[in-house]
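Down below is the structure, laid out as structure tokens.
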Amino acid sequence: MLKGLPAILSPELLKILCEMGHGDEIVIGDGNFPAASCAQRLVRLDGHGVCEILDAILRVFPLDTYVAAPVTLMQVTPGDDYKPEIWPEYRRIVQEREGGHQFEEIERFAFYERAKKAYAIVATGESALYANIILKKGVVKDA
């Protein structure tokens, strides 16, 4: 155990977050996301939701300030009459932890292809639809 770190950040996930460099990406996938088949490195946090994982990661992980949108969401598939209710919570968490950052949305299959190139994928038990998110790591300016 360590002091000051959210307990949800497992040793495996902390190692991955430390290894990642500027510009590397990490995916937090919902329970329906094909994490195992897309991941180069897979961290399982079943039983936890994306919001609590996102909040914990952003306590130790800087977002990239050198890109227009360091946060990427999976776009709702055309024809799906669905508005992701979890997205405003993502925006609130990012605002609280990192200040104002732009989000981008990309098409579902483009999201999958980008996820395959990500440094790691965190598999969750999140039941909300379209709850997948990609974070691009920035530079640690103070230690």
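The values are calculated or read from the model by the stated rules, or taken from the named source; none is laboratory data. Remember, it's a predicted structure, so these values are computed and weren't measured experimentally. In this analysis, Cβ positions are derived from the backbone assuming ideal geometry, glycine residues included, and neighbour counts consider all displayed protein chains. Keep in mind that these areas ignore ligands, DNA and RNA; they rest on the heavy atoms of the full protein, side chains included. Shrake-Rupley method; radii C 1.70, N 1.55, O 1.52, S 1.80 Å.
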Query raised in the report: Which condition number in (1) open to solvent by less than 50 Å² (accessible area, probe 1.4 Å); (2) within 19 Å of Leu13 (Cβ to Cβ) is the one that Gly47 fails?
Result: (1)
Query raised in the report: When the range 52-62 is examined, which residues are found to be touching a helix residue (DSSP H, G or I) at 6+ places or on another chain (Cβ under 8 Å) and either crowded, with 19+ Cβ neighbours inside 10 Å or not hydrophobic (A, V, I, L, M, F, W, C) (or both)?
Result: Leu54, Asp55, Ile57, Arg59, Phe61, Pro62
Report task. Output the number of the condition that Glu96 fails; it satisfies all remaining conditions of (1) more than 19 Å from Cys38 (Cα to Cα); (2) of a type in the set (Asp, Glu); (3) not in a helix (DSSP H, G or I). Result -> (3)
**Report entry** Where a residue in the range 84-103 is in contact (Cβ under 8 Å) with a residue 24 or more places away in the chain and its partner, wherever it lies, is open to solvent by 60 Å² or more (accessible area, probe 1.4 Å) and among the small types (Gly, Ala, Ser), with Cβ under 7 Å and at least six apart
**Finding:** Gln102/Ala68
Report task. Quick one: which residue in Val67, Val27 is farther than 13 Å from Val139 by Cα and in contact (Cβ under 8 Å) with a residue 60 or more places away in the chain? Result -> Val27
**Report entry** Filtered residues of the range 75-113 (kept if in contact with a strand residue (DSSP E or B) (Cβ under 7 Å, 6 or more places away or on another chain), buried (at least 17 other Cβ atoms within 10 Å of the Cβ), within 20 Å of Asp55 (Cα to Cα) and not hydroxyl-bearing (Ser, Thr, Tyr))
**Finding:** Trp87, Val94, Glu98, His101
Requested in this report: Among the residues of the range 114-143, write down those that are open to solvent by 30 Å² or more (accessible area, probe 1.4 Å) and of a type in the set (Val, Ile, Thr).
Outcome: Val139, Val140
**Report entry** Residues (open to solvent by 30 Å² or more (accessible area, probe 1.4 Å) and touching a strand residue (DSSP E or B) at 6+ places or on another chain (Cβ under 6 Å)) located in the range 1-21
**Finding:** Glu12
